[in-house]
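The values are calculated or read from the model by the stated rules, or taken from the named source; none is laboratory data. Remember, predicted model here, so these are calculated numbers, not experimental data. Cβ sites come from the backbone with ideal geometry, for glycine too, and all protein chains shown count toward neighbours. For the accessible areas, the whole protein counts, side chains as well, though only heavy atoms, and no ligand, DNA or RNA atoms are used. Shrake-Rupley method; radii C 1.70, N 1.55, O 1.52, S 1.80 Å.
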Amino acid sequence: MQPVDCAYVRPLLPMLAAEDPDGEAAGTCAAQVRAHLRECVGCRAEAGGFLRAGRALRDAVAARDAAVPDDALQQDLHAAIMARVAEIEWQDGPGHEAVTSAYGPGVLGFARWRRELPWRHVVALGAAAMLLAAIGFWAFGFWLGHGGERDSIWSRQPLQATSTGPLRAVPYAGPRFELLPVGLPIDDQGSAESGVGPGMMGRGRLRTPIDEQLPPPR
Amino acid sequence: MIPNQSFPTPGPLDARGAPGTERWTALPGGLPSQVQALAGDGGVSDAELVRRSLAGQQDPFAALVARYQRRAFWIAFHVLGRAEEARDVCQEAFVRLYRSLDRYDYARSFYTWFYRIVMNLAIDALRKLRSARASSLDDLVAMLPDEREDAAQAPIERDEQNALVWQVLDKLDAKFRAVLVLRDIHGLSCREIAPILKITHATARWRLHRGRQVFREHWDRGQGEA
Ligand SMILES: [Zn+2]
């Protein structure tokens, strides 16, 4: 064990030579240190310096504290805080970031909704949205273009009809979509068979002003 | 009207009863009677006040403010050394508290969480104050002759002693000053200080150790110069 000498005691003095309300210095064999201080003038003077500095600190603080008109200040402060809180309450309610945004209440509402979600939920939601988007994108691509190079929407001949704009297709299943004139075989009923995918996924009915000008059935 | 009561549900801060600290825990005057009653009701914990505030009631939050505003103000004041700035910090701390009430972890003590908000704001304000002061005054001060050169060798007066202490505090690095204020002025233990400053217990102890050393070095030097 290290001997309790000056070299051992000096570094401990800033912690020991001060009030120790919860005995934090107790672990540093305070009894032996105190015994050394009784005998060693140098360490005692050093400890005294820390004690005096600590006392000076507390005295100076107390003196300046006394110059602050505390009661009036606290009363006024309480009113000021509650007035500020009432403002927030009006904006957003407790527990919410008040979003003062030029974008209006929609953004504010979103910020609030987002704030109410723990971040893990936000991450999970984001991941789920990305997964759904990926599946949707793949399905849409599958629906449009499945069947390889021959049936690829990019490789078909242009539609033999004149159109002033894109054709609106209303498929039996799946989302509505627009056909740019890239040449789907269209029957006399105005149905387009894209030749992609199983079941009804590939069938859509055209509803366009060019119904009258449909090319003759093949 | 009921006279100001002492805060009846003491946190670890108040239980210690360090001399002169009662005035930091008294409720402010002029409270509405229902807020006064709520704040002074030892049976209503801080956590319960948070819960009721989140349910949309205003009085419980006013009671939380009443319980903690004095201590918050004085901690900020001792970190900053200026009443006006401490007031601003205190007000902003309660605004932030209000906005983040729903993030309160009921398993933890309220005062630690709240004092962390106060200390963060106070330390930020101190750093801003210093950089503003550094850019505006330091050059000027450096050019002035040292008044103390002409001063008599008489023992320094009490006022001067106190002024010296504040000068030393102003020189002290913010992280040392924060620990010194919390421990040596407000009587918190290093175990209580650590979570407030988001540091480990060992770091809190080291900063206290070093802070006292640096404080004393500056203070000794200041006295020698006087
Ligand atoms: Zn010694």
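Kindly provide the set of residues from segment B:170-213 that are open to solvent by 40 Å² or more (accessible area, probe 1.4 Å) and small (Gly, Ala, Ser), ordered by number.
B:ALA202
So which of B:PHE61, B:PHE94, B:PHE73, B:PHE114 is closer than 16 Å to B:HIS186 by Cα and facing another protein chain (nearest Cβ under 9 Å)?
On the way: B:PHE61 fails: closer than 16 Å to B:HIS186 by Cα; B:PHE94 fails: closer than 16 Å to B:HIS186 by Cα; B:PHE114 fails: facing another protein chain (nearest Cβ under 9 Å).
On inspection, the qualifying residue turns out to be B:PHE73.
Within the set of pairs 6 or more residues apart or between chains, which connect a residue that is closer than 20 Å to A:GLN2 by Cα inside segment A:30-51 to a residue that is open to solvent by 80 Å² or more (accessible area, probe 1.4 Å) and more than 10 Å from the ligand (Cβ to nearest atom) with Cβ atoms less than 7 Å apart?
Cβ pairs passing all conditions: none.
Could you count how many residues in segment A:29-68 are within 15 Å of the ligand (Cβ to nearest atom) and closer than 30 Å to B:ALA86 by Cα?
1
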